[in-house]
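Taken together, the values in this text are just the output of simple stated rules run on the coordinates, not laboratory data. Since the model is a prediction, treat every value here as computed from it, not as a measurement. Backbone-built Cβ (ideal geometry, glycine too); neighbour counts: all protein chains shown.
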Amino acid sequence: MEIKYVSTTCPYCGTGCGFNLVVRDGKVFDVAHWQRAPVNGGKLCPKGRYAHEFINSPDRLTKPLIKKDGKFVEATWDEAYDLIAEKFRSYKPDEIACLSSARTSNEENYLMQKFARVALKTPHVDHCARLCHASTVAGLAAVFGSGAMTNSIKDIADSKCVFVLGSNTFEQHPLIARSIIRARESGAKVIVADPRNTPTAKQADLYMPFVSGTDVAILNGLMQEIIKNGWEDREFIAQRTKDFEKLKEVVMKDIYSLENVSKTSGIPVESLRTAAEWIAQADVAALIYSMGITQHTVGVDNVKSTANLMMLTGNLGKPGSGVNPLRGQNNVQGACDMGALPNVYSGYQKVTDEATRKKMMEMWGVDDIAEGRIGYTVTEMVNLLADKPGELKAMYVMGENPMLSDPDLHHVEEGLRNLEFLVVQDIFMTETAELADVVLPAACYAEKDGTQTNTERRVQRWKKAQDPPGEAKSDWQIICELGSRLGYEKQFAFESPEAVFEEVAAVTPSYHGISYARLDPDGLHWPCPTEEHPGTPILHREKFAMPDGLGVFSPIEWKPPAEVPDAEYPYVLTTGRTLWQWHTGTMTRRSWSLEKEAPIGWIEINSEDAKELGIKDDEVVRASTRRGSVEIPARVTPEIIRGVMFIPFHYKEHPANRLTHNALDPIAKIPEFKACAVKVEKI
Ligand code: SF4
């Protein structure tokens with residue numbers, strides 16, 4: 001019996017913890033702590049601890065499947081490749097769209113966008129960052145010149161005040177929560193604002209429950225209080241920023257007085273006053289946010305407002321400070337960095353810049369690629385499919401499950417059923433794959449080499465621990481084979497993920513100095529422009545990444561969500577996750593140690609609201625919005641603010657996204673998962 005330990009990176013959240021996969025006779029059978037792991041020092045949350053359990057599930061896809069007469073039939077790879085190549089050749093570039101995946105490696109995301117742009121010549125490539133942090137990329141890039149977390153995870157421990165807004169860090173990024181605990185042990189104040197009294201809120205020195213969708217009002221109110229008291233950092237504002245007067249004009253309005261913000265948000269005036277004082281008076285303060293901020297029709301406004309607050313108090317460019325968006329999927333940062341977005345190539349180089357487009361054609365050795373215009377986002381693709389059938393005809397989906405993850409599922413299903421040809425590449429038969437014409441079996445994270453980039457911009461290695469099951473192949477191999485069959489042998493002639501990464505480093509300025517040899521064991525934070533560069537854990541130390549080096553204050557007015565409660569739908573519905581499950585559950589629901597802890601969905605209802613509705617704990621109720629209804633067990637609790645209901649979105653049996661609204665942020669095109677109008681009835 002041979003046992004070996006393979007150090008790699010967790011496939012779940014954006015924290016990017018490292019662990020050892022334990023392999024016996026060529027098969028992974030356990031996870032062991034890797035004390036040397038750079039982000040987590042050997043500690044793991046339950047999802048990481050049990051990240052081996054789904055790998056050898058009997059449900060894994062092992063052969064290509066082609067749908068014939070409505071039923072999947074096993075096929076050879078040649079049959080599947082030939083059919084896909086023939087179909088893709090039959091469509092015009094504008095009729096095909098590709099979805100890349102934050103669950104796959106940097107190399108695979110890079111190849112997917114290259115495949116879309118070079119082999120299919122379509123500008124329509126995007127991935128699930130559209131559903132979680134598109135507002136971060138757009139919002140922070142507009143004010144700082146870089147749309148990423150400004151500081152490192154370790155840094156948070158040096159903060160003297162940590163403001164957590166719209167992030168349940170203790171459940172969703174548990175190993176980042178350790179940095180918050182360390183800060184607190186060193187005397188930092190912790191403020192948490194959230195509609196639910198989450199495990200994160202329970203750790204706070206000050207907890208501010210608020211009504212979903214009032215973030216900008218809260219942030220403007222805090223800024224007004226800081227300015228009124230003269231607590232702003234005048235030196236930082238004068239030397240490092242511009243447009244402060246424009247910001248002041250808005251935030252000093254009477255509607256943003258603490259009294260009025262209290263009425264809008266439900267947070268007591270005293271709590272708002274204390275929060276403003278703690279943030280402004282701390283030697284150094286960090287702001288942490290997640291999807292509570294981003295998943296709104298005002299997601300970009302929310303993100304810019306967080307940046308306003310931290311610039312106002314001089315909390316950027318130093319340890320323990322910063323605007324720190326916590327990315328959801330393990331490689332959502334990397335998928336964005338690799339250009340799996342409709343508006344940029346890798347390294348956020350704009351597709352609309354003709355000089356950049358020419359440079360990419362030269363580097364890729366082709367004389368034509370997708371037009372230099374911005375393609376459709378995920379959300380636009382789905383809307384187009386449902387509302388204008390025939391405009392998009394074919395889709396290639398790698399490692400995404402829009403049939404459970406996207407808003408307004410009836411609309412999503414209607415759209416996907418309108419496709420003439422759908423290819424889904426995944427490790428399990430998902431709700432989306434069931435609608436496909438061809439399903440391709442893919443290798444999981446433990447079965448291939450590669451890199452991923454965590455939420456703090458740290459690029460780290462994945463290492464192969466076992467062979468994929470049956471005939472499953474790595475996503476990078478499948479894309480390369482398809483690229484070759486479409487006539488681009490040279491452009492997709494890669495022998496290994498490392499060879500792909502060498503091309504990534506060559507075409508991506510922020511990755512120029514990164515190589516596999518430099519990534520063991522600590523990884524490197526981008527930007528890392530040269531082979532000698534040590535990486536950049538803290539952004540914006542001397543100046544912002546703007547042409548004039550200045551951060552830009554944005555005057556933002558508060559706007560309510562697209563759909564607000566009324567007589568028919570009198571409550572606000574918000575959605576999120578639980579510690580034990582991951583997104584659409586494809587991996588965690590096949591991990592028995594996790595599934596047994598949270599096997600069914602629920603709707604959280606405030607105890608007083610439940611009393612008025614005559615609903616008891618555990619009773620199955622009907623939750624309805626203008627999009628549909630779900631029958632779901634009630635969890636009656638005082639731990640959620642009155643007037644707001646919460647459903648986790650993991651469960652196909654109780655699909656929260658049958659209820660959610662696909663109203664979009666006008667810039668980021670992110671849907672408003674965090675607030676829509678709902679009614680709840682006894683059945
Ligand atoms: Fe994995 Fe995130 Fe848990 Fe770390 S905190 S073990 S990366 S799920």
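Basic side chains Lys and Arg get +1 at the Cβ, acidic Asp and Glu get -1 at the Cβ, and with that the dipole of region 3-49 about its Cα centre reaches some 40 debye. The ratio of the alpha-carbon radius of gyration of region 524-683 to the globular-protein estimate 2.2 N^0.38 Å is 1.39.
Packing here is the average count of other Cβ atoms within 10 Å per residue, and on that basis the peptides 18-26, 187-195, highest first, run 187-195, 18-26.
Can you give the angle from 0 to 90° between the axis of helix 354-364 and the longest principal axis of the chain, with both taken from C-alpha atoms, to the nearest 10? Roughly 40 degrees between the two axes. Annotation for Lys202 and Asp78: the two label points, set 7 Å from Cα along the Cα-Cβ direction, are 6.0 nm apart. Placing a pseudo-label 7 Å from each Cα along the Cα-to-Cβ vector at Asp59 and Glu532 gives an inter-label distance of 5.3 nm. Between the listed residues His173, Ser484, Gly41, the Cα displaced farthest toward the positive end of the dipole of the chain, a dipole computed from Cβ unit charges relative to the Cα centre, is found at Gly41.
Computed from the C-beta positions of Glu597 and Ala567, the FRET efficiency with R₀ = 45 Å rounds to 0.70. Residue exposure proxy: Asp617, Asp301, ordered by other Cβ atoms within 10 angstrom of their Cβ from fewest to most, comes out as Asp617, Asp301.
Work out how much length Glu631 to Lys4 would gain on full extension: take 0.36 nm times their residue separation and subtract the Cα-Cα distance, in nm to one decimal. Don't skip to the end; give the middle numbers.
Details: separation 627, 0.36 × 627 = 225.72 nm, distance 4.69 nm.
Result for the pair: 221.0 nm of gain on full extension.
Taking θ as phi - 60° and the Karplus parameters 6.51, -1.76 and 1.60, the scalar couplings of region 445-450 work out to 4, 7, 10, 7, 8, x Hz in sequence order, x denoting glycine and proline. Between Tyr376 and His124, Val125, the built amide H atoms are under 5 Å apart, and every one of these is 5 or more places off in sequence or on another chain. Per residue, the chain reaches -8500 deg cm²/dmol at 222 nm when only DSSP H runs of four or more residues are counted, each adding -39500 (n - 2.57). For a modelled paramagnetic label at Arg24, 7 Å from Cα along Cα-to-Cβ, the residues of region 466-502 in reach, with backbone nitrogen under 18 Å, are 466-467.
The three principal axes of the C-alpha atoms in the chain carry coordinate ranges of 69, 64, 56 Å, sorted with the longest axis first.
Our analysis of region 174-289 gives Rg over Rh at 0.98, with the two radii drawn from alpha carbon positions and Rh computed by the Kirkwood formula. Counting every other Cβ atom within 10 Å of each residue's Cβ, Glu568, Glu108, Glu171 order from fewest to most as Glu568, Glu171, Glu108.
Where both residues lie in region 571-682, what percent of DSSP beta bridges are antiparallel, nearest 5? If I count the DSSP bridges inside region 571-682, around 60 percent turn out antiparallel. Within the chain, antiparallel bridges make up roughly 50 percent of the DSSP beta bridges whose residues both belong there. Remark: spin-label model distance Glu619-Lys92 equals 5.7 nm, labels positioned 7 Å along the Cα→Cβ axis.
At R0 = 35 Å, how high is the FRET efficiency between Gln239 and Ile374 if r is their beta carbon distance? Nearest 0.05 is fine.
Values: r = 35 Å, r/R0 = 1.00.
That pair, Gln239 with Ile374, gives E of 0.50.
Within the same chain, aspartates and glutamates fewer than 8 places from Lys67 are excluded, and of the rest, those with a Cα less than 17 Å from its Cα are Asp78, Glu79, Asp82, Glu86, Glu420, Asp426, Glu431, Glu434, Asp437. Whole-Hz Karplus values for region 625-633 come out as 10, 5, 9, x, 10, 9, 9, 7, x Hz, taken residue by residue from phi with 6.51 cos²θ - 1.76 cosθ + 1.60 and θ = phi - 60°; glycine and proline positions read x.
Peptides 109-116, 305-312, 505-512 ranked from most to least packed, by the mean per-residue count of other Cβ atoms within 10 Å: 109-116, 305-312, 505-512. Residues Met403, Met363, arranged from fewest to most other Cβ atoms within 10 angstrom of their Cβ, appear as Met363, Met403.
The amide H of Gly314, built 1.01 Å from its N in the peptide plane, has Asp233 as neighbours under 5 Å, considering only residues 5 or more places off or on other chains.
For Arg541 and Thr352, the difference between the fully extended length at 0.36 nm per residue and the C-alpha to C-alpha distance is 65.1 nm. Centroid-to-centroid, using Cα positions, region 393-429 and region 256-274 are 43 Å apart.
Can you give the extra length, in nm with one decimal, that the chain gains between Trp231 and Leu519 once fully stretched, where that is 0.36 nm per residue apart less the Cα-Cα distance?
In short, 99.5 nm is gained.
What the Cβ-Cβ distance of Lys682 and Glu414 gives, at R0 = 30 Å and to the nearest 0.05, is a FRET efficiency of 0.50.
Along the charge dipole of the chain, which of Ile647, Val211, Gln466 sits closest to the positive end, that is, farthest toward it, with unit charges on the beta carbon of Lys, Arg, Asp and Glu (+1, +1, -1, -1)? Result: Val211.
In this Cβ point-charge picture (+1 for Lys and Arg, -1 for Asp and Glu), the chain has a dipole of about 940 debye about its Cα centre.
Over 23 Å between C-alpha atoms is what I'm after, so list which of Lys350/Lys674; Lys121/Lys393; Lys63/Lys393; Lys448/Lys652; Lys87/Lys463; Lys559/Lys611 land there. Long pairs (Cα-Cα over 23 Å): Lys350/Lys674; Lys63/Lys393; Lys448/Lys652; Lys87/Lys463; Lys559/Lys611.
A straight Cα-to-Cα reach below 23 Å connects Lys154 with the lysines Lys43, Lys47, Lys189, Lys202, Lys318, Lys543, residues fewer than 8 places away in its own chain not being considered.
About its Cα centre, how strong a charge dipole does region 134-325 have in debye, to the nearest 20, once Lys and Arg get +1 and Asp and Glu get -1 at the Cβ? Write out the running numbers ahead of the final one.
Details: 19 positive and 20 negative charges, 56 e Å.
In debye, rounded to 20, region 134-325 gives about 260.
Here the Karplus relation 6.51 cos²θ - 1.76 cosθ + 1.60, evaluated at θ = phi - 60°, turns the backbone of region 237-244 into coupling constants of 4, 5, 8, 10, 9, 9, 6, 4 Hz, with x for every Gly and Pro.
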